[in-house]
Every structure is written in C-alpha cells, then in structure tokens.
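None of the figures in this text is laboratory data; all of them are computed from the coordinates on show. Source: prediction; values computed, not measured. In this analysis, Cβ positions are derived from the backbone assuming ideal geometry, glycine residues included, and neighbour counts consider all displayed protein chains.
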Amino acid sequence: MDQAPIGPLTLEAFTVGNSFSFPTWLSTVMAVVAGTLMFTSEVQHGTLAAAITARPARWVTVAAKSAIAAVFGLAMGVAGMLAGLSDGVLGGLDAGDTSGMPATAAWGLMVTTVAAIFGLGVGMIVRHSSAAVSMTLVWVFVIENLFRSFAPPTVFRFLPFNPPNGLLSIETTSDTEGPRRCPHASARRTAVQQLHRRCSRHRNRAPLPPDLN
C-alpha cells in the first residue's frame, strides 16, 4: 500500500485537512490584482469621471468599490479552497485532522477579502494599471521576501502579506525555528519524489531481456 505524501522538511503527511488551503496564496494574489484593476481600468478608460459626475460624494464611490472588491475577494477565496478540497479528495488523500478546517477557511477567506481591498487602495494611489500591478507583484514576491531574509521578526511581522503565513500555517524559508519551506514547494517536491519512487519500483520489477538473463 502506498503511503500518503509526506513533506520532505516538515515530515508531516499531506491530508485533505491540512492541504485544502494551499491555493489560498494564489487566490490572494489574484484578488490583489483584480482589486487594483478595478480602479485603474476606469481611470484609463475615462469611465470614472462619469461616475464622479453622477455622484459627487467620493466616499460613496470608494465605499461601493470597496464592497465590490470585498465580495470578489471572498469569491476568489471560496473558489480556491473548493479547488484545493476537490484536488485532495479526488487525489485520494486521507481526511486527516479536519477539526481545524473551519477556522483555517475563515482566516483564508478574510485574507482574500482584505487582499482585494488592499489592491483597490493601491490602484487608487498609483492609477496606472501596469505600474500598479507590477509594483504590487514585485512587493509580494520580491521585496517582502528580502525583508524576511534580512530583517528581524519584530520588523517583518508588520509587512502586509506576512500575517497570512501564520493564519494559514504556512511555513517559509525565513522562519526562525529552522529551514522550513512553503507547503506549495513541498507539495511539488513530494510529487516528483513519489513519481521517481514509483518509476524505480516499476524498473526493478521489469523482466530482463532474454539476452541478459
């Protein structure tokens, strides 16, 4: 019987209960980008002026767009977790400990919801689609990682995209307790190891050609 995939660094078996939230980071990034474009696209296409003219009170426009961004971010979070849950169930993973799934799902949905509003705020400041999206992605994938590598925990814990790591129990290489990795990378590594192990078994069981016996 094949064993459940095991994280090579955490030595913890991947189960439905601890892997269904893995797509949340992708949903968070997509929610940030969508929230950014929600405002910058209207500025570039000139439709924002008509909205401001029809409703001069700008706080109404900001509140309406924030509500739309929040709903979109929530929907992105739900879609990502459903995809992760379906992948685990269809992939044959064990259920594992499911007692923490409701809390993890709630925190994950909060992360994607706030991320969309954060992106909307960036779009309101920069107002150029390409520049706003590029700055956001560079911050998420480059600048914050540099801060985690060089800054002490008392500093980088205040970065905007650092709290989701703790809320979703995601471990990174910059964690102070040891050389840990994000479970997304661990999952990819484990899949490659499982494939290599199965190929090795098949090769060892394969009969030798008659001329080599």
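In order along region 76-81, the phi-based Karplus estimate (6.51 cos²θ - 1.76 cosθ + 1.60, θ = phi - 60°) of 3J(HN,Hα) comes to 5, x, 4, 4, x, 5 Hz; Gly and Pro are listed as x. Couplings for region 138-152, taken from phi via the Karplus curve 6.51 cos²θ - 1.76 cosθ + 1.60 with θ = phi - 60°, read 5, 5, 5, 9, 10, 5, 5, 5, 5, 4, 5, 6, 10, 8, x Hz in order; Gly and Pro are left as x. Taking the fewest neighbouring Cβ atoms within 10 Å as the starting point, the ordered list for Arg55, Arg127, Arg148 is Arg55, Arg127, Arg148.
Taking one quarter of the surface of the convex hull spanned by the alpha-carbon atoms of region 83-172 gives a direction-averaged projected area of 7.7 nm². What whole-number distance in Å separates the alpha-carbon centres of region 91-141 and region 12-72? Cα centroid of region 91-141 versus Cα centroid of region 12-72: 10 Å apart.
For region 104-156, the square roots of the Cα gyration tensor eigenvalues, ordered a ≥ b ≥ c, give a/c of at least 1.5 with a/b no greater than b/c, which places it in the oblate category.
Assuming R0 = 30 Å, what is the FRET efficiency of Phe158 and Ala49, from their Cβ-Cβ distance, to the nearest 0.05? E(calc), rounded to 0.05, equals 0.25.
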